[in-house]
1. Can you give the average number of partner chain beta-carbon atoms within 10 Å of each beta-carbon in peptide B:210-218, as a whole number?
2. Which one of A:8, B:84, A:41 has its Cα pushed farthest toward the positive end of the charge dipole of the protein assembly as shown, where Lys and Arg give +1 and Asp and Glu give -1 at the Cβ?
3. What's the average, rounded to a whole number, of partner chain beta-carbon atoms within 10 Å of each residue's beta-carbon in A:10-20?
4. Please list, in chain and number order, the residues 5+ apart from residue B:200 or on another chain whose amide H is under 5 Å from its amide H, with Hs placed from the backbone.
5. Among the lysines, which fall within straight-line cross-link reach of residue B:42, defined as a Cα-Cα distance under 17 Å, with same-chain neighbours fewer than 8 residues apart omitted?
6. Tabulate in residue order the Karplus-calculated ³J(HN,Hα) for region A:101-115, using 6.51 cos²θ - 1.76 cosθ + 1.60 with θ = phi - 60°, rounded to whole Hz; enter x for Gly and Pro.
7. Divide by every residue of chain B the summed helix terms, -39500 (n - 2.57) for each DSSP H run of at least 4, and state the resulting mean residue ellipticity at 222 nm, rounded to the nearest 500 deg cm²/dmol.
8. With angles folded into 0 to 90 degrees, how steeply does helix A:48-60 sit against the dominant principal axis of chain A? Use alpha carbons for both and round to 10.
Amino acid sequence: MEWEFKKGVPIYMQIIEKMEMDLLSGKYKPGDKLPSVRDMAMEAGVNPNTMQKAFSEMERSGLIYTERTAGRFVTTDHGRISALKSELSVKYLDELFETLHSLGFTDSEILSAVKEKCEGEE
Amino acid sequence: MALLELRQVSKRYGNKSALDCVDLQLEEGRIVGLLGPNGSGKTTLIKLANGLLRTSNGAILIDGKEPSPETKSIVSYLPDKDSLPDWMKVDDIINYYVDFFADFDVDRAKEMLGSLNIDSKMKLGKMSKGTREKVRLILAMARKSKIYFLDEPIAGVDPAARDYILKTIISNYEPNALVIISTHLIADVENVLDEAVFLREGHVVLHQNVQELIEEKGKSLDGYFREVFAC
């Protein structure tokens, strides 16, 4: 998949965001080995140190782990992955509310709009 | 210790000052963008480091030593102007580089040529400008150097070739090397840079980690550059 970056947002954050989506969508499965920093950097067209920084952050947050000689792997802790799922859902809901509030919607209006949408899809 | 160090470096051409009391230290393992408008001193700085010009004042140190044949053996330099002879074939120029540079990796050069579908039997004079640029970059990146100076490596090639050139740089520099890329095409290089050095009228006006700068200013390096150098 092509990597595309937004302007004005640090690249390592965007890499983490994309990797998190890839983990949840199943592109990378628990226990999968990740490509090397350099290969990933080349694929994404970014500086290897930036890719390294993204990996280090993800390691710190427990999404991936390093085995000293074998490389980097996706966590096998399913609890961690479902926690990520709820973290992201909170984040996207926050963004949605922020946008709708700035358009002048109240919480109850948002709620009824969401209900309407769900019913429309059923 | 810094791989490249400038101490109070000034360079004047007649009474025109090209660099004025520049202090700069660049460490190994980084890709650094030397950025600034035309005439800000980028090429002068690179030529001083390569011993093609001498400082009017101050000292420039490569791995602790003044520019000399010894420092040239650890520095790979892609000049802004193409001076390769038209009559040479790619193979000829590779042999020429092998004679000059003990750290030139023929296999790596051939691999890069192959992946770009460049025919090594072709004369340089018969090539398009973009292909020549790629050959020049391959020659510079096929050395296992401590410092790479790339003066405008992506000017004059199309966007697809730019991407390829940047990927070639990322995947071929030695991990502990210092890569210095001079350009005014900032949007194209900002994702590959560790640090940015902004030059204006011979002064360093900014030297910062690029990701930190983006986080701090909330805008792209290109956007910030346009703001700093707005006319």
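The values are calculated or read from the model by the stated rules, or taken from the named source; none is laboratory data. Computed from a prediction, not measured in an experiment: that's the story for all the values here. As a convention, Cβ positions derive from the backbone with ideal geometry for all residues, glycine included, and neighbour counts pool all protein chains shown. The area values use the complete protein model at the heavy-atom level, side chains included, leaving out ligands, DNA and RNA. Shrake-Rupley method; radii C 1.70, N 1.55, O 1.52, S 1.80 Å.
1. 4
2. B:84
3. Averaged over the peptide's residues, the number is 2.
4. Placed amide hydrogens put B:205 under 5 Å from residue B:200.
5. Counting by Cα, and skipping residues close in sequence, residue B:42 has these lysines nearby: B:11, B:16, B:81.
6. 4, 5, 8, x, 6, 8, 4, 5, 5, 4, 4, 5, 5, 5, 4
7. -9500 deg cm²/dmol
8. 70 degrees
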